[in-house]
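A quick write-up on the structure given underneath.
Derivation of every value follows stated rules applied to the coordinates shown; laboratory data play no part. Note that the coordinates shown come from a computational prediction; the quantities given were computed from them, not determined experimentally. Cβ placement follows ideal geometry from the backbone for every residue including glycine, while neighbour counts extend to all protein chains displayed.
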Amino acid sequence: MKILTSLFLPYLAYGTATFGPANQKPITLTDGWTGQSRSRPNIVFILTDDQDLHLNSVEYMPFLKKHLIEQGTFYKRHFCTTALCCPSRTTIFTGKNAHNTNVTNVVPPYGGYPKFVSQGLNDNYLPVWLQESGYETYYTGKLFNAHSVDNYHSPHAAGWTASDFLLDPFTYWYMNSTYQRNQDPPVSFEGQHSVDVLAAKALGLLDEAFETGRPFFLGVAPVSPHANIWAPNFKDGGHGDLEKVEFSPPVPAKRHANLFKGAKVPRTDNFNPDKPSGASWIRKLPKQSQETVDYNDYFYLQRLRTLQSVDEIVDSLVRRLDDLKILDNTYIIYSTDNGYHIGQHRMQPAKQCSFEEDVNIPLIIRGPGVPKNVSSDIVTAHTDLAPTFLEIAGVPMRDDFDGLAIPLTEESLTEAKETRHEHTSIEHWGFASNEGQVLDSYPRLHTNNTYKALRVISKTYNLHYQVWCNNERELHDLTTDPGQMINLLHPDEDAPETIAGAPLEKVVARLDSLLFVLKSCKAETCIYPWKALHPAGNVASLEDALSPRFDAFYDDKSRKIEFDRCEMGFILDAEGPQFEGKSILSSFDPNWHEWT
């Protein structure tokens with residue numbers, strides 16, 4: 001089967017069907033669900049794979065800047081809650097943290113498409129909810145890890161009006177992809193660039209969605225800029241056996257193969273530093289050799305080049321929406337599943353950590369009423385995306401979401417600066433991988449990469465706190481140390497006596513209690529965790545909690561986070577003490593009201 005890969009050809013071969021010219025005139029249709037003309041907004045969601053924010057990849061995407069950043073709002077403090085593909089994507093589509101979906105890895109039995117299905121999520125996630133509300137739903141590209149040529153029909157992913165999924169073991173093989181359309185068998189596109197194949201499919205699905213006359217959701221999920229991988233064992237769910245996986249830098253389309261010569265990983269303070277940083281296995285890493293640095297610069301360059309195909313998709317989708325006269329009634333949301341590091345803290349190319357490079361990621365939204373050419377510093381997270389999609393669609397909010405809809409208007413953004421929560425939680429289980437060169441000092445896998453972490457950001461403080469499964473702790477003050485080079489809790493560091501305007505130990509006690517709630521929170525408690533600590537409602541931030549009136553409680557009553565052991569996935573009896581849904585104070589002292 002031949003797929004036309006040019007984004008500018010007038011006709012697009014798509015699966016087994018051919019769609020009309022790109023400049024076809026829009027037709028007047030009615031919404032079959034409401035009986036009214038199309039009025040509810042459409043949603044186009046572009047989800048890249050492993051795209052960084054802190055390594056400046058967005059700066060190399062002119063169409064993204066032109067169509068989305070200049071025409072929308074850039075949420076500069078958006079975070080993924082798990083810096084790994086499958087758990088993160090499950091969070092996006094369910095509005096729940098990984099500890100509540102129990103999809104906590106890419107590795108069966110703890111993650112992947114089979115785990116998604118076994119947890120009952122295939123019948124209870126975003127496309128199903130949107131279809132129930134009258135939306136048509138479309139998707140092309142990567143959905144989940146371990147979604148393969150062997151199990152794509154066991155069962156089919158539910159909730160999609162039409163779909164064309166990228167399947168394992170060919171998901172990350174740029175020049176040998178396999179897609180699977182609707183209920184049809186998989187089709188190989190060997191010799192064609194995966195993102196170009198996807199571009200044609202995305203435009204075909206957009207045309208198909210338009211022709212129904214109903215409001216639609218379209219998901220477009222290119223593999224760029226993920227590393228190029230050949231892994232036959234992925235077909236059978238063997239994502240955990242990375243020793244058998246062949247990693248190499250991503251492969252750009254030929255037309256982009258010579259761009260950006262001389263581009264290198266930004267030489268920030270935390271790039272291949274002279275002294276170690278962090279904790280656990282990260283603090284044991286040696287300084288990289290010049291040969292390794294050169295290889296990683298090339299890896300970085302190839303990432304920038306592969307993103308050019310994604311940038312062209314942004315342009316082609318916006319132009320097609322405009323041609324169809326529906327651009328003004330369409331929200332376009334651009335993000336990625338997780339971030340990426342290359343050389344920071346001496347690490348090889350990968351993700352899976354809680355440093356800013358891995359968790360603070362792009363989120364750009366344009367659409368009706370969204371302020372144009374605006375940057376926002378409110379804290380948002382992937383748990384907020386499903387609530388946002390439902391709010392856009394006018395669908396009643398679910399009461400089991402761990403997140404909160406993202407403000408999309410000037411008025412709501414202004415209000416959010418004063419009222420929105422200041423925290424996000426981050427969690428991970430299992431190993432940390434090395435997607436670059438394998439050397440004696442840089443093996444393919446680092447085990448015991450299980451942790452719980454927290455980011456708290458306000459006008460006066462900017463903190464990162466983490467507890468590892470070996471119970472090591474780290475704390476970074478990003479106001480004075482934006483590269484997170486100084487672990488204030490490590491004995492080798494000369495820690496200050498105060499941070500965030502308070503004694504260090506006092507701040508740590510508050511952060512530990514907050515993270516204790518968030519590590520096992522559900523629904524509203526994830527959004528308003530301070531209420532679990534202070535049910536009277538008189539504490540809504542770290543600043544409030546630092547009031548001297550609460551010193552005795554945090555000094556004497558607070559539970560410290562402690563893991564019982566390290567595990568590859570979410571196993572409850574390894575996670576240590578849990579917050580179980582009632583006031584944490586009431587479990588410590590029958591007179592807890594005295595502390596509120």
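Computed quantities for the displayed model
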{"quantity": "Likely footprinting exposure, SER335, SER118, fewest C-beta neighbours within 10 Å first", "calculated": "SER118, SER335"}
{"quantity": "Whole-number D in µm²/s for the stretch 455-534 (Stokes-Einstein; Kirkwood sum over Cα pairs; 25 °C, 0.890 mPa s)", "calculated": "182 µm²/s"}
{"quantity": "Note, ³J(HN,Hα) from phi for the stretch 424-436, Karplus 6.51, -1.76, 1.60, rounded to Hz, x at Gly and Pro", "calculated": "8, 9, 9, 8, 7, 9, x, 9, 10, 9, 10, 9, x"}
{"quantity": "Karplus-derived HN-Hα couplings along the stretch 311-319 (A = 6.51, B = -1.76, C = 1.60, θ = phi - 60°), whole Hz, x at Gly and Pro", "calculated": "4, 5, 4, 4, 5, 5, 5, 5, 5"}
{"quantity": "Fraction of antiparallel bridges per DSSP, the chain only, in percent to nearest 5", "calculated": "60 percent"}
{"quantity": "Cα Rg over Rh - the stretch 426-595, Kirkwood", "calculated": "0.99"}
{"quantity": "Residue-by-residue Karplus 3J(HN,Hα) for the stretch 203-218, coefficients 6.51, -1.76, 1.60, Hz, glycine and proline x", "calculated": "5, x, 5, 4, 4, 4, 5, 4, 5, 6, x, 9, x, 9, 10, 10"}
{"quantity": "Ordering of 514-523, 529-538, 357-366 by burial proxy (mean other Cβ atoms within 10 Å per residue, highest first)", "calculated": "357-366, 514-523, 529-538"}
{"quantity": "Residue order, fewest to most surrounding Cβ atoms within 10 angstrom, among HIS99, HIS153", "calculated": "HIS153, HIS99"}
{"quantity": "Å³ per residue enclosed by the Cα convex hull of the chain", "calculated": "140 Å³"}
